[in-house]
1. Quick check: net charge around S166, other residues with Cβ under 11 Å of its Cβ, Lys/Arg +1 and Asp/Glu -1?
2. For K338, list the lysines whose Cα falls under 27 Å from its own Cα; do not include residues on the same chain fewer than 8 positions away.
3. Membrane-span-like helices in the chain: DSSP H runs reaching 27 Å or more (Cα, own axis), mean Kyte hydropathy at least -0.5?
4. Taking other Cβ within 10 Å of each residue's Cβ, how do E150, E290, E98, E366 sort, fewest first?
5. If you rank H14, H62, H374, H172 by fewest surrounding Cβ atoms within 10 Å, what's the result?
6. Going by how many other Cβ atoms sit within 10 Å of their own, how do W440, W271 line up, fewest first?
7. If we count every other residue with Cβ under 14 angstrom of N101's Cβ, Lys/Arg +1 and Asp/Glu -1, where does the sum land?
8. Here are labelled values, (1) 79, 52, 46; (2) 69, 55, 43; (3) 61, 61, 54, and one is the computed Cα extents along the principal axes in Å for what I pasted. Which one?
Amino acid sequence: MHPLAKLDQRFVWHPFTQMRDWQQREPLVIASGRGAVLRDVKGREYLDANASIWTNLHGHQHPKINAAIGRQLKKISHSSALGLANEPASLLAARLIEIANTRIPIPHPGHRAGGRLSSPFAMKNPSLAKVFFSDDGSTALEVALKLAYEFTRRTRGPQTRPQFLSLAGAYHGDTIGAVSLGHIDLFHQAYGGMLFATDQAMAPYCYRCPFNQAKPERADARKYRKCQWECVGQVAKQFAAQTKKGNPYAGFVFEPLMQGAAGMIPQPSGWLTQVTQIARSYGALLIADEVMTGFGRTGISCHVGEKTMAQLAANPPVAKLFATQRVGITPDFLCVAKGLTGGYLPMAATLTTQRVFDAFLGKYEEFKTFFHGHSFTGNQLGAAAALASLDLLATKTSVRQRARLQKQLYTELQTLWALPTVGDIRQVGLVAGVELVRNWRTRRPFALRDRAGIRVCEAMARRGVLTRPVGNVIVLMPPYCTTPEQLHQMVAALAASVAELQ
């Protein structure tokens, strides 16, 4: 066993890992990386098929981000944001607000429940105006939660007990507030005594929706579903019932277009617009968790699958960096992290409105200050990396590359339908989830003890491709620099590994 592997097993406690299993085999120790390739201490190479847990956008060792960090290192690496400002954080905040408020008109389908399309709610999007920096996705959500909680008390009255609604299966981070917003049973069983109560709304999980009358087909379940938008109706009923109790929801928390840790659950077209219109009509603040979906991850805003490579090269599509922008929504709180720095450094941000900010203004002795902060808030190195990453995302080259990659990913994934243990293939932009089942005709899942997802990922690693499952769902989330050959290798390794399942 390599000496570093021995040190790891002796001293390191890994996240989301059963350490008894971990200590039974030699761990893979990563030593370096370039582009979409990782190398271990023994010189073996692997493709980074989940972008180092959904963070790395442009690949490892990108020269422009490296240079930006190097330039900042020659000035200063960190100074406190408590009572001080700094150059890169100020520039980054202004840039994020500019990007987040960029709007392209999108037709709204209106609210549909019970199969009938009614007039759309006349809801006006706010403008985002302020940025609160923190360290990771959990803290970005914690900031939004605390701000929304106190804002509600200050606008509805101090006697108000703000309540929040989020989606079934939701994951919004590991801090106590973020876990409370989530609805993953394992977490609530472990930490239930520490959490506050939040309500959960039905998630639009078309593949396993009890209202979907369609029989399984060899296609994304969103495309052949047969329903009357009962999932939207369920959300409407919850808002109405909570309001009838005299305490309307303070906020609606959601991951737009794709729920990540819930199992890569995509939302059918029109769902997000409808439910957010409902939430706004009841006065709820919209809290968008774009920790995973932000910075171009949910794809290019055009029918990429219908365009040829030549058309994409000649007429690059319009790129929107946030999933909420793709459906014409500006939330009251936009939470970002992961890809913010291109996957280089831990940094997060919570964007909010002037209206929320103003509720915390007052005289010193009134104590209306937002009492929350982090030692590394607005860190200069992270901000410098983020600015360089945003520059890269804005280039025509990057937009074309993401569009090509999105189209190729769709094409490559279609080959997996031939495998009998593939139940559903779900893709939103450059995020894909492949759900494994015992029998695709019945949707019968693998049991937890079968470790189906883990076994497939272990087999992929033997083939030189690294990713992690979400239960029985295999995740593919390639860096944007991934070449056509590398993407083909990723999907081929997945196909061969799934074929070994028994």
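Read the figures in this text as sums done on the coordinates, not as results from a lab. Small disclaimer: the values here were computed from a predicted structure and weren't measured. Glycine also receives a Cβ, built like all others from the backbone with ideal geometry; neighbour counts cover every protein chain displayed.
1. Details: positive: none; negative: D199, E255, D289.
Around S166, the surrounding residues sum to -3.
2. Qualifying lysines at Cα under 27 Å: K64, K74, K75, K130, K146, K320, K396, K407.
3. Values: long enough: 137-156 (28 Å, -0.26).
Span-like helices in the chain: 137-156.
4. Numbers: E150 20, E290 30, E98 11, E366 8.
Ascending number of Cβ neighbours within 10 Å: E366, E98, E150, E290.
5. Values: H14 11, H62 23, H374 17, H172 32.
Arranged by neighbour count, lowest to highest, H14, H62, H374, H172 become H14, H374, H62, H172.
6. Numbers: W440 19, W271 22.
Ascending Cβ contact count within 10 Å gives the list W440, W271.
7. On the way: positive: R95, R103, K124, K130, K320; negative: E98, D332.
Net charge in that neighbourhood comes out at +3.
8. (3)
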